[in-house]
Amino acid sequence: MASRFITEMKYSHIHRIRSLILLLAVLCFGNTVGRGAHLQRIKLTDHDRASIIGAVIRNIFKPESNYEGEYFVLADHLRPEWIPKLAGYDVSPVTRKEIESASTPLYYYVLWLRPLKRSVHVTVHLYDSENRTLPHVMLFYSYRRAGQKWRGRFLGGGGD
């Protein structure tokens, strides 16, 4: 009787180990499949980019948050028509060549859009033409699609 009990316990123990290995394999496989789905990022159209960039620029240059005047945005990955016209602010695209050949220090914003699975993260840096490695300002936004529009949220940031 005792030997039968020991045999059943060994079988039960082996069965638990097999079940545990199977469970771990399923979890690992599920995790891998989940990562593959994570790589499917939002596909942005030019209209989406224009909407997001316009919203970010309107947020940066809203009245009482910046001095009125002339500002520059690096035009590497954006079109001039994506920059909205704002009362009191002259926000113009500038090329890298214009930055490098400027006779006086030129401050310019750089906007990066990073599409994720469910949102688009936007990073904004403010550089000057003399010191292009350390940004003076860093701002972070997140945008989600809400119907046909994009809803933005300021995540944080600041500068000197």
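Here are some notes:
- For beta carbons closer than 8 Å, sequence separation of 6+ or different chains, a first residue in region 70-98 that is open to solvent by 30 Å² or more (accessible area, probe 1.4 Å) and a second that is among the small types (Gly, Ala, Ser) and not in a strand (DSSP E or B), the qualifying pairs are ARG79/ALA50; GLU81/ALA50; PRO93/ALA75; THR95/ALA75.
- Of the residues examined, TYR143 is one that is surrounded by 17 or more Cβ atoms within 10 Å (Cβ to Cβ) and touching a Ser or Thr at 6+ places or on another chain (Cβ under 7 Å).
- Residue satisfying all of: in region 48-69; of a type in the set (Asp, Glu) and surrounded by fewer than 16 Cβ atoms within 10 Å (Cβ to Cβ); farthest from VAL91 (Cα to Cα) among these: GLU64
- Taken over region 99-133, the criterion of being open to solvent by 60 Å² or more (accessible area, probe 1.4 Å), at pLDDT below 95 and not basic (Lys, Arg) is satisfied by GLU100, SER101, SER103, THR104, PRO105, TYR107, GLU130, THR133.
- Strands (runs of 3 or more DSSP E) contained in region 55-160 and holding at least 3 residues β-branched (Val, Ile, Thr) and closer than 23 Å to LEU44 by Cα: 120-128
- Selection status of THR45, open to solvent by 30 Å² or more (accessible area, probe 1.4 Å) and under 18 Å from GLY158 (Cα atoms): no
The values are calculated or read from the model by the stated rules, or taken from the named source; none is laboratory data. Quick caveat: nothing in here was measured; it's all calculated off a predicted structure. For neighbour counting, all protein chains shown are included, and Cβ atoms are generated from backbone atoms with ideal geometry for every residue, glycine included. Protein only, heavy atoms only, side chains kept; ligands, DNA and RNA dropped before computing areas. Shrake-Rupley method; radii C 1.70, N 1.55, O 1.52, S 1.80 Å.
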